[in-house]
1. Number of Lys pairs in region 2-106 with C-alpha atoms less than 21 angstrom apart, excluding same-chain neighbours closer than eight positions?
2. So which GluC sites (Glu not before Pro) in region 1-82 are both in a DSSP loop and have at most 12 other Cβ atoms within 10 Å of their Cβ?
3. Subtract the Cα-Cα distance of Ser20 and Lys116 from 0.36 nm times their separation in residues, and report this length gain in nm to one decimal.
4. Can you tell me the alpha carbon radius of gyration of the chain divided by the globular rule-of-thumb value 2.2 N^0.38 Å?
5. Find how much the distance from Asp70 to Asn100 grows on full extension, using 0.36 nm per residue of separation minus their present alpha carbon separation; answer in nm with one decimal.
6. What's the local net charge at Thr2, with K and R +1, D and E -1, over the other residues with C-beta under 11 Å away?
7. So for the pair Lys108, Lys3, with labels modelled 7 Å out along Cα→Cβ, what separation do we get in nm?
Amino acid sequence: MTKLEIYSLSNKLIGTIEVSKEESYNKRLRMDKTLLDYLLVSGIKMPYGCMGGSCGACIVEILDGAEFIDREGSHKIVLKSLAENEALTCITTIKEFDNNPTVKLKLKFEADFTIK
Ligand code: FES
């Protein structure tokens, strides 16, 4: 089980999303779900556009746990323009589920609600 702790722009913890290895696989698309999938399903009104790592709309800051996610997918070119602590959620997947890792993500906007 991997925990995604989500922080708003003002560093307020707005909630935690727990993802198991089994839940991470999208059977319909036959690929791992992305961080954007989890954020949207949790009710966060994430901005997004291309869904392919090129527009930058879905960017978040990684506060901790970068080693537990895969920011590249098959989009290595995009990473050249990203800071080390940033991720495009539409192409980022969780790669580590063992030992209950935590990934802390900070949104680029204020969110005045709590994930239930
Ligand atoms: S939606 Fe365009 S980069 Fe993620």
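1. Counting lysine pairs in region 2-106 gives 26.
2. Details: sites: Glu5, Glu18, Glu22, Glu23, Glu61, Glu67, Glu72; in loops: Glu22, Glu23, Glu72.
Answer by residue number: Glu22.
3. Values: separation 96, 0.36 × 96 = 34.56 nm, distance 1.73 nm.
Net length gain for the segment: 32.8 nm.
4. Working: Rg = 13.0 Å, N = 116, 2.2 N^0.38 = 13.4 Å.
Against the compact-globule rule of thumb, the ratio is 0.97.
5. Difference between extended and current length: 9.2 nm.
6. On the way: positive: Lys3, Lys21, Lys95; negative: Glu5, Glu18, Glu23, Glu96, Asp98.
Here the charged neighbours net out to -2.
7. The modelled label-to-label distance comes out at 2.7 nm.
Any read-out appearing in this document is the output of simple, stated calculations on the displayed coordinates, not a laboratory observation. Everything quoted here is computed from the prediction, not taken from an experiment. Positions of Cβ are generated from backbone atoms using ideal geometry, with glycine treated the same way; all protein chains shown enter the neighbour counts.
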